[in-house]
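Q: Please read through the structure below; I'll follow up with questions.
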Amino acid sequence: DLATALNDRGQVRYLRVEFAAALRDYTAAIECQPSFEVPYYNRGLVRYRLGDFDEAMQDFRKVLELNPEFEDAALSLKQAILDKEEKQKRGY
């Protein structure tokens with residue numbers, strides 16, 4: 001389906017370090033199928049890599065709302081919280 005295809009294209013772009021394009025694909029996949037948790041997780045990973053911890057945490061929380069058993073999302077959420085706290089401690 002279209003949401004899966006957009007998510008898959010986002011993965012290719014993510015692996016090519018084309019983060020802006022990957023974000024667009026993941027967001028489009030979410031718009032096509034809002035109950036599909038995987039593009040939220042993938043978009044959260046990109047946002048995390050870009051240092052956008054608040055937005056990453058939003059995406060990881062949405063994944064867990066849709067699928068509480070998604071362990072990688074739970075771990076990524078914890079890591080984003082820790083890294084945000086560390087960033088704030090260092091003052092940047």
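Q: Using 7 Å Cα-to-Cβ label points, what is the Leu75/Leu15 separation (nm, one decimal)?
A: Distance between label points: 2.0 nm.
Q: Choose one answer from Tyr14, Tyr41, Tyr26: the residue with the largest mean-square fluctuation in a GNM of the chain with alpha-carbon springs under 10 Å.
A: Tyr14
Q: Suppose all protein chains stay in the model; what accessible area per residue would a 1.4 Å probe give for the chain, in Å²?
A: Here the residues of the chain average 61 Å² of exposed surface.
Q: How far is helix 19-32 tilted off the main Cα axis of the chain, in degrees rounded to 10, range 0 to 90?
A: 60 degrees
Q: For the chain, what is the mean residue ellipticity at 222 nm derived from helices alone (per DSSP H run of n ≥ 4: -39500 (n - 2.57); sum divided by total residues; nearest 500 deg cm²/dmol)?
A: Calculated mean residue ellipticity at 222 nm is -26500 deg cm²/dmol.
Q: Shape verdict for the chain, please, from the Cα gyration tensor: rounded (a/c under 1.5), prolate (a/b greater than b/c) or oblate.
A: Because a/c hits 1.5 or more and a/b fails to exceed b/c, the chain counts as oblate.
Q: Around Asn67, under 12 Å between beta carbons, what's the net of Lys plus Arg minus Asp minus Glu among the other residues?
A: -3
Q: With an 8 Å Cα cut-off and a minimum separation of 6 or more residues, compute the relative contact order for the chain in percent.
A: Relative CO of the chain lands at 20 percent.
The values are calculated or read from the model by the stated rules, or taken from the named source; none is laboratory data. Keep in mind it's a predicted model, so treat the numbers as computed, not measured. A quick note on method: Cβ atoms are made from the backbone with ideal geometry, for glycine too, and the neighbour counts reach across all protein chains shown. Just the protein is used for accessible areas: all its heavy atoms, side chains included, with ligands, DNA and RNA removed. Shrake-Rupley method; radii C 1.70, N 1.55, O 1.52, S 1.80 Å.
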